[in-house]
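Each remark here refers to the structure printed beneath this line.
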Amino acid sequence: MDCIEAIMSRRSCRSFSDREVEEDKVIKILECATYAPSPANKQPWEFTVVLDREYGKRLKEESERTKEYLASRSGWKWLESFNLDFVTQAPVLIVVTGDPSKNGAEQYLNVPGKCYVDACSAAIQNICLAAYTMGLGTLWYTLYEKDTAKAIFGVGKDPVAIVCLGYPAVPPGATRRKSLEEKIHFIR
Ligand SMILES: Cc1cc2nc3c(=O)[nH]c(=O)nc-3n(C[C@H](O)[C@H](O)[C@H](O)COP(=O)(O)O)c2cc1C
């Protein structure tokens, strides 16, 4: 599969099979993550690979709380039927933590320091694409309160996202994209 095909056909996976993920694949996927760009090449990411399913159960409990809170604040009706079983189904959770002190140039430019999150996001996208080319499914997951996630996983830095990783139980459904006309602007 070439890069363009991977980008255009990857979809978020919310249903994982029981099949374990080979450790060498996990390592290769994380090596791909570390090849993402980062401000001043600071590489602000770390990856905690969670194979013990007990942690997924705790994360799901936290996510149910966050979901309720989000539903009450947003009024998003669809959240009521949003099933979080994928959190406990996924055989691998990758907690991607970012170091806010590794921000590159912006820390000297009087702008809010968030480049470390941008870099972690680039790493996460590499994870999603690399995993997909290996036949795996991923979900970029953020439905949790960060301090609680830190406590659950024993991480000190900012848990930017958790990637649910595993073999898909069913192929993920298609999602729509807005028109290119709406999104692309040329300055000639
Ligand atoms: C920053 C970020 C946070 C996300 N958080 C969640 C999440 O908490 N739960 C979830 O189910 N999907 C989450 N997603 C996945 C998006 O819902 C998904 O990418 C989007 O609907 C487009 O679908 P696709 O990935 O299949 O193209 C997140 C994606 C991003 C980039």
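Taken together, the values in this text are just the output of simple stated rules run on the coordinates, not laboratory data. Note that the coordinates shown come from a computational prediction; the quantities given were computed from them, not determined experimentally. All Cβ positions, glycine included, derive from the backbone under ideal geometry; neighbour counts span all protein chains shown.
Would you please name the residue that is farthest from the ligand (Cβ to nearest atom), looking only at residues in region 25-48 that are closer than 14 Å to Leu165 by Cα and either of a type in the set (S, T, N, Q) or surrounded by fewer than 12 Cβ atoms within 10 Å (Cβ to Cβ) (or both)?
The residue in question is Ile27.
I'm trying to understand the selection: among the residues of region 1-19, which are surrounded by 12 or more Cβ atoms within 10 Å (Cβ to Cβ), away from the ligand (no atom under 11 Å from the Cβ) and among the aliphatic types (A, V, I, L, M)?
Across region 1-19, the qualifying residues are Met1, Ala6.
Test each condition in (1) touching a Ser or Thr at 6+ places or on another chain (Cβ under 8 Å); (2) closer than 20 Å to Val170 by Cα for Gln43 and report the one that comes out false.
Gln43 satisfies every listed condition except (2).
Look at Thr66 and say whether it is part of a helix (DSSP H, G or I) and of a type in the set (S, T, N, Q). Give the derivation first.
Working: part of a helix (DSSP H, G or I): yes; of a type in the set (S, T, N, Q): yes.
So Thr66 fits the description; yes.
Among the residues in region 88-96, are any within 30 Å of Ala40 (Cα to Cα), in contact with a Cys (Cβ under 9 Å, 6 or more places away or on another chain) and among the polar types (S, T, N, Q)? Break it down stepwise before answering.
Within region 88-96, the first condition is being within 30 Å of Ala40 (Cα to Cα), and the residues that meet it are 93-96.
Narrowing further to those that are in contact with a Cys (Cβ under 9 Å, 6 or more places away or on another chain): 93-94, 96.
From what is left, the residues that are among the polar types (S, T, N, Q) are none.
No, there is no match, as no residue in region 88-96 is within 30 Å of Ala40 (Cα to Cα), in contact with a Cys (Cβ under 9 Å, 6 or more places away or on another chain) and among the polar types (S, T, N, Q).
Please name all residue pairs, on different chains or six or more residues apart, with Cβ atoms under 6 Å, provided the first residue is in region 131-152 and is more than 13 Å from Arg58 (Cα to Cα) and the second residue is assigned to a helix (DSSP H, G or I) and more than 14 Å from the ligand (Cβ to nearest atom).
Short answer, once both residue conditions are applied: Ala131/Ile29; Met134/Lys25.
In region 65-81, what count of residues is obtained for those that are without any contact (Cβ under 8 Å) to a residue 40 or more places away in the chain and surrounded by 14 or more Cβ atoms within 10 Å (Cβ to Cβ)?
Of the residues in that region, 2 qualify.
Checking Ala36 against (1) more than 22 Å from Pro168 (Cα to Cα); (2) of a type in the set (A, V, I, L, M, F, W, C); (3) part of a helix (DSSP H, G or I), which single condition isn't satisfied?
It fails just one condition, (3).
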